[in-house]
Amino acid sequence: MKVFSFLTPQHETCIGLEYQGAVYNFTRCWEIYKDIQTAGRGPAFSFLQIMLELDYFSTNTFVEALQTINELRPLSDFQITDDFTYEIPISRPSKVICLGRNYAAHARESGNEPPSEPIIFAKAPSSLIPHQGTILIPKGIGRVDHEVELAVIIGKTGKSIPESKAMDYVAGYTIMNDVTARDRQFAEIKASQPWFLSKGLDTFGPIGPYLVPKDQIPDPHKLDITLKINGEIKQKSNTSNMIFSIPELIAFISRFMTLNCGDIISTGTPEGISPLKDGDIVEAEIPEIGILRNFVFDAPAV
Ligand code: MG
């Protein structure tokens, strides 16, 4: 079972559910299941946010809702058969926190020793684009790289979360491509400046396609992670190679800042980063989650 956000042909943002080979408009199901009228209440992020905050975001809740509704109306009434456009699985997070050099081999390929404590930086939420969206490379920006990463979605607000309780704060997982203006980043590092610009450009945050509930991935530290450009493998690793585990990251970050429900933590990229160019098709894959596919085009100068 996989959850995603999508835009209907009528331009309404809804939650989609892939379940037993069919795709359903879960927003419509939920209106009946919980007697909540969601139409006209705004885009899906608020609805998904409510599900997260009420702790409804689990495989059991989704399946129970479908079964209950099936007793009232045939599920085929809710099946999606039209074309639709993917949306960002959870949009408007209060922050997108990324990890620098959380895989030793990637730290070394960029000329650095593995860190002794997590290196965190922020990516602008406005950089996020969905599955099948287009990465636009501004003219004159120099080298731009892909970085495939496992992203954790926070399901419960917390501060000073102990490692032993950290997984209680995870709602689920998705895939992130932490696209980076590498030449700009090297210039920023040299000038002792933050990485905010080189990481935060519009369209430099592909994310999705699915938000997989935590209960479906018993161990997020045992996932194959790959990235292909035009079908050719560029990055290939396993999340077992992460230096700092997800509980360690949540405990570390929440010592300093509140993690809000809906926040995203992107856990760092393995080795194999390489440049993107006009016309490329980039596919970031974690088999348990899916394939995040995006297109690359040159854009006018910024
Ligand atoms: Mg990264």
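Among all residue pairs at least 6 apart or on different chains, which show Cβ distances below 6 Å where the first residue, located in the stretch 258-283, is closer than 18 Å to Pro130 by Cα and the second is of a type in the set (Ser, Thr, Tyr) and away from the ligand (no atom under 14 Å from the Cβ)?
Hits for this filter: Asp263/Ser94.
Taking only the stretch 271-290 into account, find how many residues are closer than 19 Å to Leu99 by Cβ, within 14 Å of the ligand (Cβ to nearest atom) and in a loop (DSSP other than H, G, I, E, B).
3
Would you point out which residue out of Gly268, Gly208 is open to solvent by less than 30 Å² (accessible area, probe 1.4 Å) and within 16 Å of the ligand (Cβ to nearest atom)?
Gly268
Give the residue that is least open to solvent (accessible area, probe 1.4 Å), with candidates limited to residues of the stretch 84-124 that are among the polar types (S, T, N, Q) and within 15 Å of the ligand (Cβ to nearest atom).
Ranking the candidates gives Asn102 first.
Find all pairs meeting these conditions: Cβ atoms under 9 angstrom apart; at least six residues apart or on different chains; first residue within the stretch 6-30 and of a type in the set (Asp, Glu); second residue modelled with pLDDT of 85 or more and assigned to a strand (DSSP E or B).
From the stretch 6-30, the pairs are Glu18/Lys2; Glu18/Val3; Glu18/Phe4; Glu18/Tyr24; Glu18/Tyr210.
Quick check on the stretch 83-114: of everything there that is over 22 Å from Arg182 (Cα atoms) and aromatic (Phe, Trp, Tyr), which residue is modelled with the highest pLDDT?
My answer is Tyr86.
Collect the residues in the stretch 162-198 that are open to solvent by 60 Å² or more (accessible area, probe 1.4 Å), part of a helix (DSSP H, G or I) and either closer than 20 Å to Ser127 by Cα or out of contact with any Pro (no Cβ under 9 Å at 6 or more places or on another chain) (or both), keeping them in residue-number order.
Residues satisfying the conditions are Asp168, Asp183, Arg184, Phe186, Ile189, Lys190, Phe196, Leu197.
Exactly one condition in (1) over 30 Å from Lys156 (Cα atoms); (2) surrounded by 15 or more Cβ atoms within 10 Å (Cβ to Cβ) is not met by Glu232; state its number.
(2)
The values are calculated or read from the model by the stated rules, or taken from the named source; none is laboratory data. Note that this is a predicted model, so its numbers are computed, not measured. Quick reminder, even Gly has a Cβ in these numbers, built from the backbone with ideal geometry, and neighbours come from all protein chains shown. All accessible areas refer to the heavy atoms of the entire protein, side chains included, with ligands and DNA or RNA removed. Shrake-Rupley method; radii C 1.70, N 1.55, O 1.52, S 1.80 Å.
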